[in-house]
Amino acid sequence: MLVIKSPAKINLFLKVLRRREDGYHDIVSVMCPIGLFDNITLSFDVPKITVQCPDPRVPEDSSNLAYKAADLFMKKCGVSDGVRITIDKVIPVAAGLGGGSSNAASVLMALNHQYNNLFTKESLMSMAREIGADVPFFIFQSPAKATGIGDRLTPLNGLPPFWFVLIYPGLEVSTVYVYENLKLTKSEINYKVPTLIRTFSDLKQLLHNDLEQVTLQKHPELEDIKRGLVESGAGGALMSGSGPTIFGIFDTLDKARAAYRSISTKGNWDLFLAEPLL
Ligand code: ATP
């Protein structure tokens, strides 16, 4: 049996450059893995691939991204072995935190470990690409600048220490809806993201997400949440991915703790205090 931790991510920066012929979008993003984890258990005493997840929003059939990962891995190995995947969800689902993609990457890496590291990290990254645009990032396992559809990654070293308070307001936001309703301008095409992020002030200036315009227009209450975070001491606040999770960044753990305590009295949200995995 293997027990693994599958981390969430946030986008500190996200610019959408253009819609591609294949329906995906080219983006430039700064992504950061964070210390908020799903727990996954793999057992190998079974004839088929199965997924168990008590969370009603997560499918247990072959559409589960963890199932897809196991299925692809076995096919690449040329075997039809089984594995029982049990997912204990902590990361909010469909929240812009990459939970499903992370689960897929964690399963690929755990299976590779179980099968004597048959594949290199590069091979696992290209398997990950077949599952979804965000999956390679979770194999990469470091803060990164992401280009292409989010799958071309360059490490981003030297980020300053910081802390987050994340608020998941429990709204349903469809990633497809957000991208379909995004208005793109031609001037975005040659955009360059700043890559020298050394101080907390650099980090504050970096915060930007093109997708906010769509999600915040549909759910204006997210503006209040952003404002609330800044009023509680955050250096800045932003939506992650296509939302609806909003995070605030703090330069000290004490400030993050104080904001967490004050916000927890104000709304019935899922609230998390987390650190980046630098
Ligand atoms: P995306 O932007 O790719 O939609 P997200 O981070 O906003 O990602 P996820 O938590 O990954 O959201 O869930 C997106 C969808 O994927 C959900 O509707 C969920 O039903 C489905 N899904 C499939 N497998 C999983 C999984 N292992 N964990 C969570 N969701 C999964």
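For the range 224-238, the criterion of being buried (at least 23 other Cβ atoms within 10 Å of the Cβ) and assigned to a loop (DSSP other than H, G, I, E, B) is met by at least one residue. Among all residues of the range 201-223, there is at least one that is open to solvent by less than 10 Å² (accessible area, probe 1.4 Å), without any contact (Cβ under 8 Å) to a residue 60 or more places away in the chain and not aliphatic (A, V, I, L, M).
Cβ separations smaller than 8 Å between residues 6+ apart or across chains give the following pairs from the range 18-29 residues that are surrounded by 11 or more Cβ atoms within 10 Å (Cβ to Cβ) to residues that are in a loop (DSSP other than H, G, I, E, B) and hydroxyl-bearing (Ser, Thr, Tyr): 28/191. When we screen 179, 115 for residues that are aromatic (Phe, Trp, Tyr) and away from the ligand (no atom under 11 Å from the Cβ), the only hit is 115. The single condition among (1) open to solvent by less than 40 Å² (accessible area, probe 1.4 Å); (2) in a loop (DSSP other than H, G, I, E, B); (3) within 16 Å of the ligand (Cβ to nearest atom) that residue 90 does not meet is (1).
Can you confirm whether residue 43 is within 21 Å of the chain's Cα centre (by Cα) and either at pLDDT 95 or above or of a type in the set (A, V, I, L, M, F, W, C) (or both)? Answer is no for this residue.
When the residues of the range 243-255 are filtered to those that are in a loop (DSSP other than H, G, I, E, B) and open to solvent by 10 Å² or more (accessible area, probe 1.4 Å), which remaining residue is nearest to the ligand (Cβ to nearest atom)? Applying the filter and picking the extreme gives 251. Here residue 269 fulfils each of the conditions (1) open to solvent by 70 Å² or more (accessible area, probe 1.4 Å); (2) away from the ligand (no atom under 16 Å from the Cβ); (3) without any contact (Cβ under 8 Å) to a residue 40 or more places away in the chain apart from (3). Among the residues making up the range 30-40, a single one is surrounded by fewer than 20 Cβ atoms within 10 Å (Cβ to Cβ) and either more than 13 Å from the ligand (Cβ to nearest atom) or in contact (Cβ under 8 Å) with a residue 60 or more places away in the chain (or both): 35.
Applying the condition of being out of contact with any Ser or Thr (no Cβ under 9 Å at 6 or more places or on another chain) and away from the ligand (no atom under 14 Å from the Cβ) to the range 93-112 and asking which residue is least open to solvent (accessible area, probe 1.4 Å) yields 111.
Within the range 141-158, the set of residues being surrounded by fewer than 20 Cβ atoms within 10 Å (Cβ to Cβ) and of a type in the set (A, V, I, L, M) comprises 149 only. Taking first residues from the range 93-107 that are β-branched (Val, Ile, Thr) and partners that are part of a helix (DSSP H, G or I) and more than 6 Å from the ligand (Cβ to nearest atom), the Cβ contacts under 6 Å between residues at least 6 apart in sequence or on separate chains come to 107/69; 107/70. Taking the numbered list (1) modelled with pLDDT under 95; (2) over 23 Å from residue 115 (Cα atoms); (3) not β-branched (Val, Ile, Thr) in turn, residue 37 passes all entries but (1).
Which residue is farthest from residue 249 (Cα to Cα), if the candidates are limited to the range 46-82 and must be in contact with a strand residue (DSSP E or B) (Cβ under 8 Å, 6 or more places away or on another chain) and more than 14 Å from the ligand (Cβ to nearest atom)? Per the stated criteria, the residue is 46.
Among the residues of the range 141-163, the one identified as within 16 Å of the ligand (Cβ to nearest atom) and under 29 Å from residue 253 (Cα atoms) is 146.
The values are calculated or read from the model by the stated rules, or taken from the named source; none is laboratory data. All figures in this text were calculated on a predicted structure; none of them were measured in a lab. Here the Cβ is made from the backbone with ideal geometry for all residues, glycine too, and neighbour counts use every protein chain on show. Please note that ligands, DNA and RNA were not included when accessible areas were found on the heavy atoms of the full protein model with its side chains. Shrake-Rupley method; radii C 1.70, N 1.55, O 1.52, S 1.80 Å.
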